[in-house]
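So the structure is just underneath, and the comments pick up after that.
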Amino acid sequence: MTAGFQAWTDSGLVQIDGTTPNYALRQSFNVGTNGGDMPAGKSNSGNQYTLRANIVDFTVYAATPLIVLYSPNAYATILRCIRQEANTWAVRLWSNNSATIGVYVFDQASAAVPSGPGFGLQVFDANGTLIADARQRLARVIDTRAGNINNAGAGFGQWGQVDQRSYSWSYPGVSKIGVAAIGTAFVSSPTGGSNSGWYNMSGLQTTGNTINLNYAYYQQGNTSHPGNNNCFGSQYDWRFMAVDLSNI
Amino acid sequence: MTAGLQIFDARGNVVFDATYRVLRIAGSVYINGGGGSLVDGRLAQGGFVSFQPDVTCGDGYLSGGVITPRFSISGSTLTWSYADRHNNYDIVQSGFVFYGGS
């Protein structure tokens, strides 16, 4: 770059580079999950079976959304985030019980410009596009974690049923932590058609500066507990990024 | 801190300083089965991947499975991969990937 503004960490890592947009908070709101029909598997003829689960659907308006969840009362995850058209995304969340979940949507700085009078520092690229603004809350990464429930390779195979895995992380340097860039471990089998079967799902609970991951077994209707799962090993993958939500 | 940029909110809380690792959005790519990679120098100091799945593992066929992607960043290279299909009832978890430096 020949002109403009850059910022680095005290260890020499780039924070603002003068050309690349930063992730900035665009909006935050609460959603509530309630009982709904969650796809759990299809017959060979394409008949979609569902199981009852606590889910919620909503729309997010963003160019490049980074959706951060804060869920102190339930284990939650993002099941899907589908681009409907430019800057419009259809999001579905799941949680292990009916709960209110905080949603924080970060986006390109230029798409998240605060309303009202300007003050402080703004950084623009050479084309005049806003890439950082002191009025915005930038997404601060605290940690990233990933794993696989069964330590499985990615390919298809038969794996032993796991009823539960639990992990916990604490971040004492912040007062409130959220989870983003979530990958969900999810295996399901509607053994008796809709409303009869089982699924395993990973969810993330966030309370204060602690993140708890729980992968658990959920059963309904007339079904038998599985001894094994036939699926792709990558379906057991989980991952998340811990994002500082303090003072938002 | 002894140097660098500090930003405070209206209540005087520090919301940015020289210890903060923040995300820079380098780009996006849509993946739909099959592996791939790209090179971006902004990943070299550490990078992030944020995948937006189009389908869930409950959308698959009972006679098959859902092939979900895996990601890795090594140096300036972002790589994604999908396992091979095992039969015609497998489906792929497609979606947009946002990536960048952190």
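Filtering segment B:61-83 for residues that are surrounded by fewer than 17 Cβ atoms within 10 Å (Cβ to Cβ), at the interface with chain A (Cβ under 7 Å from one of its Cβ atoms) and under 18 Å from residue A:80 (Cβ atoms) leaves an empty set.
Let's see how each residue does on (1) touching a residue at least 24 places away in the same chain (Cβ under 8 Å); (2) hydroxyl-bearing (Ser, Thr, Tyr); (3) in contact with a strand residue (DSSP E or B) (Cβ under 8 Å, 6 or more places away or on another chain):
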position	(1), (2), (3)
B:15	no, no, yes
B:29	yes, no, yes
B:42	yes, no, yes
B:53	yes, no, yes
B:66	yes, no, yes
B:79	yes, yes, yes
B:94	yes, yes, yes
B:100	yes, no, yes
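Sub-6 Å Cβ pairs linking a first residue in segment A:41-58 that is in a loop (DSSP other than H, G, I, E, B) to a second residue that is open to solvent by 30 Å² or more (accessible area, probe 1.4 Å), at least 6 apart or interchain, are A:44/B:63, ordered by first then second residue.
Would you call residue B:16 facing another protein chain (nearest Cβ under 7 Å) and out of contact with any Phe, Trp or Tyr (no Cβ under 7 Å at 6 or more places or on another chain)?
Numbers: facing another protein chain (nearest Cβ under 7 Å): yes; out of contact with any Phe, Trp or Tyr (no Cβ under 7 Å at 6 or more places or on another chain): yes.
Judged against the criteria, residue B:16 is a match.
Name the single residue, out of those in segment A:112-144 being within 11 Å of chain B (Cβ to nearest Cβ) and not in a strand (DSSP E or B), that is modelled with the lowest pLDDT. Only one residue fits best here, namely A:119. Screening residue B:8 on (1) among the hydrophobic types (A, V, I, L, M, F, W, C); (2) within 29 Å of residue A:125 (Cα to Cα); (3) within 7 Å of chain A (Cβ to nearest Cβ) shows it passes everything except condition (3). If you check residue B:99 against the conditions, is it among the aromatic types (Phe, Trp, Tyr), crowded, with 20+ Cβ neighbours inside 10 Å and in a strand (DSSP E or B)? Against the criterion (among the aromatic types (Phe, Trp, Tyr), crowded, with 20+ Cβ neighbours inside 10 Å and in a strand (DSSP E or B)), residue B:99 qualifies.
Taking segment A:77-136 only, how many residues are over 30 Å from residue B:59 (Cα atoms), among the polar types (S, T, N, Q) and touching a residue at least 60 places away in the same chain (Cβ under 8 Å)?
Let us first name the residues in segment A:77-136 that are over 30 Å from residue B:59 (Cα atoms), namely A:108-136.
Filter again for among the polar types (S, T, N, Q), leaving A:108, A:110, A:115, A:122, A:127, A:129, A:136.
Now restrict to residues that are touching a residue at least 60 places away in the same chain (Cβ under 8 Å): A:108, A:110, A:129, A:136.
Total meeting the criteria: 4.
If you take just the strands (runs of 3 or more DSSP E) that sit entirely in segment A:145-248, which of them hold at least 1 residues that are of a type in the set (Lys, Arg) and within 12 Å of another protein chain (Cβ to nearest Cβ)? Can you show your working first?
Working: elements: A:156-160, A:164-170, A:177-183, A:186-189, A:197-207, A:210-220, A:228-232, A:237-244.
So the answer is A:237-244.
The condition (being away from chain B (no Cβ under 14 Å), open to solvent by 50 Å² or more (accessible area, probe 1.4 Å) and more than 30 Å from residue A:18 (Cα to Cα)) is satisfied by just one residue among A:75, A:70: A:75.
Number of residues in segment A:10-52 that are under 19 Å from residue A:220 (Cα atoms) and facing another protein chain (nearest Cβ under 9 Å): the value is 10.
Condition check for residue B:88 on (1) without any contact (Cβ under 8 Å) to a residue 60 or more places away in the chain; (2) open to solvent by less than 50 Å² (accessible area, probe 1.4 Å): one failure, at (2).
The values are calculated or read from the model by the stated rules, or taken from the named source; none is laboratory data. Given the structure is predicted, the values throughout are model-derived calculations rather than measurements. Reconstructed Cβ throughout: ideal geometry from the backbone, glycine too, with neighbour counts over all protein chains shown. Accessible surface is based on the protein model in full, side chains and every heavy atom, while ligands, DNA and RNA are left aside. Shrake-Rupley method; radii C 1.70, N 1.55, O 1.52, S 1.80 Å.
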